[in-house]
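First comes the structure, then the notes that go with it.
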Amino acid sequence: MTHHGPQLITYADRLAGDLPGLHALLDGPLAGAFGGVHVLPFYPPYDGADAGFDPRDHTQVDPRLGSWDDVRAMAEGRTVMADVIVNHVSADSERFADVRERGEESPHAPMFLTLGSVFPLGATEDDLARIYRPRPGLPFTVMTLGGRRRLVWTTFTPDQVDIDLRTPQAWEYLTSVVDALTSGGVSMLRLDAVGYTGKEAGTDCFMTPATDAYTERIVEQAHARGAQVLVEVHGHHTQQIDIARKVDLVYDFALPPLVLHALTTGELEPLAGWLRIRPANSVTVLDTHDGIGIVDVGTSDLRPGEPGLLAPEKIDALVERIHDNSGGTSRQATGAAASNLDLYQVNCTFYDALARDDRRYVLARLLQLFVPGIPQVYYVGLLAGVNDMDLLARTGVGRDVNRHHYTPAEVEAALTHPAVAAQLAGLRLRSSHAAFAGEFTWDVDGSRGTFAWAAGDERATLAFDAADGSFEVRATQDGAEHVVLTSDTLG
């Protein structure tokens, strides 16, 4: 069953302990706020080297979290989204372990990429320098396969081994994943890191024509099983527009930095420029399990000559404001200061990025909820979470500042926070009000703006001022218009 209302993004263990606990939260204190949930990787091991994005067995539920029956139960009456990790598997997976031991004698050997897989005649310096990677250095790790030292393709970390989608072995594997998820009640598939799958000599190995063909093949499989597909790609905003024409859903990764820019400068025109051209079939976010994307509003080597949505000097200023607003904690979690380095993201909770200003924070969420698309709200953002510097100190992984492990007592306390209560009120309005099935209109003038939805006599309107963070939400009820939310209640 697919709903197009707001969805929660969460790890089962970090918010609720396990899948039954998450189900109880959605049916309990979060009831009415979400029509769906994106459960971040729940495959064994959910607590691996990359928080589950390095699956050893992508067709199973980690028994410490629950079972497929728990996933199916959660899918009754709501959309469940799960990740298809298209680009790689765990270096500890059973298939790759066999390749380590037997090398080319393993029947799984063709499934895994090495330097020689893509460059059988050898790679030149220009070939290697051209490869696009979201981290510094080359995407290869020296490993011994069947007694022979090889350069194994590892786009992200040495714990995540890339697969070769030109081979039947890879497609047998991916088909088994899609089958397991869809038979387990998952009706939306998020294609993780799919942009890196199309490695071809003579290209930058990112978003190549082969990537389009692989994506189309997975979309066909999903549709045949009654599921929709969301494609996850960080890149120039024109790439998202292009991708949106070919798939069910794309992320609006440009929205978060544009909202931050608006609410920290009072300047709405960059956001307005994006509203004029953005694809309608978007999933909107402010924060996710990754950092706050910056590349999505800037220029890109992948689209030379194409301007970004924000000028370079405004992007630099925005990054510095985030660091200042977070008291410098985001600087400690971003760039060379943290491992698992991302070149295109700032690691920070959205609440800290806005200096824990409740008015501006709730306004940011309301802007997201009123922009067309399917809103997804990350669990830390929902609970107005702050940067977890203790977790960062323990792991050294920058993105962990925004991946807090909540205790039940912490969840209970957070639900009483005024900014959390206001978000939930906005989410329940977005989930239930008939106006959001109608037409969206918007207008901006200086720092002031109005976002409105109308369907027949039903209306919902957000009027706001980005300069001071003030806002008012009005909506019809029983034939009359009422104030639903106002910044006055947040001080």
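The values are calculated or read from the model by the stated rules, or taken from the named source; none is laboratory data. None of the values given here were measured: they were computed from a predicted structure. In this analysis, Cβ positions are derived from the backbone assuming ideal geometry, glycine residues included, and neighbour counts consider all displayed protein chains. The accessibility values were calculated without ligands, DNA or RNA, using every heavy atom of the protein model including side chains. Shrake-Rupley method; radii C 1.70, N 1.55, O 1.52, S 1.80 Å.
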- Query: Going through region 233-340, which chymotrypsin sites (Phe, Trp or Tyr not before Pro) have at most 16 other Cβ atoms within 10 Å and a DSSP loop state?
  - Reply: none
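Taking Cα pairs under 8 Å and at least six residues apart, what relative contact order does region 90-232 come out at, in percent? Present the calculation step by step, with values, prior to reporting the outcome.
On the way: 207 pairs, mean separation 32.3, N = 143.
Once divided by the residue count of region 90-232, the mean separation gives 23 percent.
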- Taking the simple approach of a point 7 Å from Cα along Cα-to-Cβ for both A272 and R64, what is their distance in nm? 5.1 nm
- Which value, in Å³ per residue, describes the convex hull spanned by the Cα atoms of region 322-457? 134 Å³
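Can you pull the percent of region 254-403's accessible area that's carbon plus sulfur, 1.4 Å probe, other chains left in place?
Numbers: 2330 of 4590 Å².
Taking all protein chains in place, region 254-403 shows 51 percent carbon and sulfur surface.
Could you tell me what percent of the DSSP beta bridges with both partners in region 117-272 are antiparallel, to the nearest 5?
On the way: 6 of 12 bridges.
Expressed as a percentage, antiparallel bridges in region 117-272 total about 50.
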- Rel. contact order, % - alpha carbon contacts under 8 angstrom, at least six apart, region 55-173: 27 percent
- Dipole moment magnitude, nearest 20 debye, the chain about Cα centre, only Lys, Arg, Asp, Glu C-beta charged: 240 debye
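Considering only DSSP beta bridges with both partners in the chain, what is the antiparallel share in %, to the nearest 5? Intermediate results must be reported in sequence, preceding the final value.
Working: 40 of 67 bridges.
Close to 60 percent.
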- Message: Using only the alpha-carbon atoms of region 110-264 as identical scatterers, what base-10 log of I(q)/I(0) does the Debye formula give at q = 0.18 Å⁻¹?
- Response: -1.17
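Percent relative contact order of the chain, based on C-alpha pairs within less than 8 angstrom and at least six residues apart?
So the answer I get is 13 percent.
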- Task: Measure off 7 Å from each Cα along the Cα-to-Cβ vector at A467 and L121, then give the distance between these two points in nanometres to one decimal.
- Result: 6.3 nm
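Between the DSSP loop rule and a limit of at most 15 other Cβ atoms within 10 Å, which GluC sites (Glu not before Pro) in region 242-335 are left?
Numbers: sites: E267, E313, E320; in loops: E267.
Of the GluC sites (Glu not before Pro), not one in the loops of region 242-335 has a Cβ with at most 15 other Cβ atoms within 10 Å.
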- Taking amide H positions as placed in the peptide plane 1.01 Å from N, state which residues far from T114 in sequence (5 or more) or on other chains have amide H under 5 Å from it. W153
- In nm, to one decimal, how far is the modelled label at D98 from the one at S447, with both set 7 Å along Cα→Cβ? 6.3 nm
- Task: Pull up all non-local amide H partners of I374: gap of 5 or more, or a different chain, and H-to-H distance under 5 Å with H placed in the peptide plane.
- Result: S282, V283, T284
- Query: Based solely on its DSSP helices, what 222 nm [θ] is calculated for the chain when runs of n ≥ 4 H residues each add -39,500 (n - 2.57) and the sum is averaged over all residues, nearest 500 deg cm²/dmol?
  - Reply: -9500 deg cm²/dmol
- Note on the structure: Sorting K199, K246, K314 on solvent-accessible surface, 1.4 Å probe, most exposed first, gives K246, K314, K199
- Message: Leaving out ligands and nucleic acids, and using a 1.4 Å probe, what accessible area per residue does region 98-182 come to in Å²?
- Response: 47 Å²
- Item | Tail fraction, Cα-Cα pairs, region 48-105, threshold 16 Å, whole percent | 56 percent
- Query: How big is region 341-407 in terms of Cα radius of gyration and Dmax, in angstroms?
  - Reply: 13.0, 39
- Determine the sum of side-chain charges near E269: Lys and Arg each +1, Asp and Glu each -1, restricted to other residues whose C-beta is under 14 angstrom from that of E269. 0
